[in-house]
1. How many residues are β-branched (V, I, T) and either modelled with pLDDT of 50 or more or under 15 Å from A296 (Cβ atoms) (or both) if we restrict to region 1-45?
2. If only one of L171, L167, L199 is in contact (Cβ under 8 Å) with a residue 12 or more places away in the chain, in contact with a His (Cβ under 9 Å, 6 or more places away or on another chain) and open to solvent by less than 30 Å² (accessible area, probe 1.4 Å), which one is it?
3. Residues G237, G196, G189: which one is more than 26 Å from Y99 (Cα to Cα) and at pLDDT below 95?
4. Please enumerate the residues belonging to region 142-164 that are within 27 Å of P279 (Cβ to Cβ) and open to solvent by less than 40 Å² (accessible area, probe 1.4 Å).
5. Quick check on region 46-61. Is at least one of its residues open to solvent by less than 60 Å² (accessible area, probe 1.4 Å), more than 27 Å from R75 (Cβ to Cβ), modelled with pLDDT of 50 or more and not in a helix (DSSP H, G or I)?
6. Name the strands (runs of 3 or more DSSP E) wholly within region 203-315 that hold at least 3 residues that are in contact with a Leu (Cβ under 9 Å, 6 or more places away or on another chain), among the aliphatic types (A, V, I, L, M) and open to solvent by less than 20 Å² (accessible area, probe 1.4 Å)?
7. Right, T139: within 30 Å of A332 (Cα to Cα), open to solvent by 60 Å² or more (accessible area, probe 1.4 Å) and within 36 Å of the chain's Cα centre (by Cα) or not?
8. Does A192 count as open to solvent by less than 30 Å² (accessible area, probe 1.4 Å), over 16 Å from V275 (Cβ atoms) and part of a strand (DSSP E or B)?
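The values are calculated or read from the model by the stated rules, or taken from the named source; none is laboratory data. Given the structure is predicted, the values throughout are model-derived calculations rather than measurements. Here Cβ is always computed from backbone atoms with ideal geometry, including for glycine, and neighbour counts include all displayed protein chains. SASA here: full protein model, heavy atoms, side chains in, ligands and nucleic acids out. Shrake-Rupley method; radii C 1.70, N 1.55, O 1.52, S 1.80 Å.
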Amino acid sequence: MRPSALFCWALAASTAAAGVLPLPYQLGEHVDLRADAVGFTGGWGSVPEKERLKLRQKAGYTWTFPNEPEGYKKRQEQRWVEIQALDHYQERLDNFVQYTQVRTVPNYTQNGFDVVDIPHDLWQRMRDRLHEQLPKARTESEVQGIYGSERPRMVGHGEGRNLLSELQPILEKWVPDIETGLQPVTAYGMRAYGRGASLGFHTDRVDTHVISAIVHVDHKYDDDAEPWPIEIEGHDGLRHSVDLKPGQMLLYESAKCPHGRSTALKGDWYASVFVHYKPKDMATYWPYQQKDVWLAVPPGWDSKPLMDDGTPGERWAGAFLTHDSVVVQGMADRLATSSKKGLPDKVKRNLAAAHPAPAPNNHKRMRHESRIDPELLKKAHEAALAAGEEPVKRQGPSLSQVAPKDIPKEHTGEDLDDDDDGDDAEEAKAALKRPEGRTLKKSARRDRVVPARRRGRRRDDDDDAAPRPKKAEEDDDEVEVVVGGSLLLMGFGWWFGGISLVSLTLCLRRAVVTRGRSLDPRRLGRKEKADLPI
């Protein structure tokens, strides 16, 4: 073996043992057929799941990753377990799509990120513009994955496409294995995060945001000893916390490395610009579209238990990871647990606070408490009879509280007899034992109770009496009023019609006589006026 080959072999072995990998194509799963080639041309759900798995197998995906370092492999296996524990369909699916992208696409640097300085003149121009424009900056629309009570503010960086051109050589030097160079995609910002902000972990768009940089312009902390770091998972399987200083930028493989900010910003603002590039030769160096990631999602992602109850999940945030090891401040508490264990006490308290029980109906409770217990009433009645006294009649609820419908006869006393032998007294008292909410009023006859379904209409001595017939004089008066009113209306109609007819006749006669000519004396000569008929 030649010395140079032996040296290269030793270098590769030592870097692999240290968790730093040789380049290129050491991570990810590499297949020869893309989604278009096997006929998977639609989005997720465009074909049945069994058909998708057949196309996945045809493309050559096996979910094997022989070059992963031990630490990286351990973190990805832990992520699999945590995502499988998500029991909402939408949340688990979106987490699995992110996870599949992280694990299947390749890498082009040793650890996925680096920190370098921004060209000084460029940084100084953007910083001056930031301080000038920030007080009148517009508020950014709501973005999934950004948490906190204050929305970010947006200030244009003012550099146009020159910003991408000026930074491009720096990023191309960082990824020399992409020999054809990079193509600029977009520069976004300056985005100024507000107080209390945090950012969910995610990877960027797989088809465009491949090699990127976070250009940190400036910040205003409450205390410089409590920074707001960007956290990124390297290819070594560790999560690294990077505290950028103003004038520095983070280079990172944004479609490969999950990144976010788990802590809340303790300060007024934190402003950065985000620049993104992709390889010029995408077919050779990055033949990935979103449909390729969907196709690569492994079988078993939808294992039971999995529910589709119309909600995406308590913590779902679209294209952001939400499983337990990547929780950031501001994310919702996890409300769903195993059905065997039930909900923990803390979650029950949170649920009770979020969904309080309806306030009690005080009016209904007051009505219930104001009623007399029928048993006590019966005992008092018996005691009064034994003492030879006239029992005091019970005062029921007022009519304003009575609004029952369809009260059964056994609760109205309508089946009691009407004689005067007194044997219906006990049955009337028993009828008072009615369900709550059914309110009755008493008639004028003894203790008999009847439903208040027709209250407001005057009654005679008995509620069951027939309505009083009208007298003949009342009928005659009504007929006279109706006939007189009709004649008066007819007179007004004839009078109005006659006037209208006369007016119409005069107008027609004048139009015929003048033949449309004007009667203005200033326009007519004497002869014309003399010839006009009178």
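1. The total comes to 3.
2. Unique residue meeting the criteria: L199.
3. Step by step, each of G237, G196, G189 is checked, and only G189 is more than 26 Å from Y99 (Cα to Cα) and at pLDDT below 95.
4. Hits for region 142-164 are G145, H157, E159, L163, L164.
5. Yes, region 46-61 contains a residue that is open to solvent by less than 60 Å² (accessible area, probe 1.4 Å), more than 27 Å from R75 (Cβ to Cβ), modelled with pLDDT of 50 or more and not in a helix (DSSP H, G or I).
6. Ranges flagged: 211-221, 248-252, 267-279.
7. Considered against the rule, which asks whether it is within 30 Å of A332 (Cα to Cα), open to solvent by 60 Å² or more (accessible area, probe 1.4 Å) and within 36 Å of the chain's Cα centre (by Cα), T139 comes out as yes.
8. So A192 fits the description; yes.
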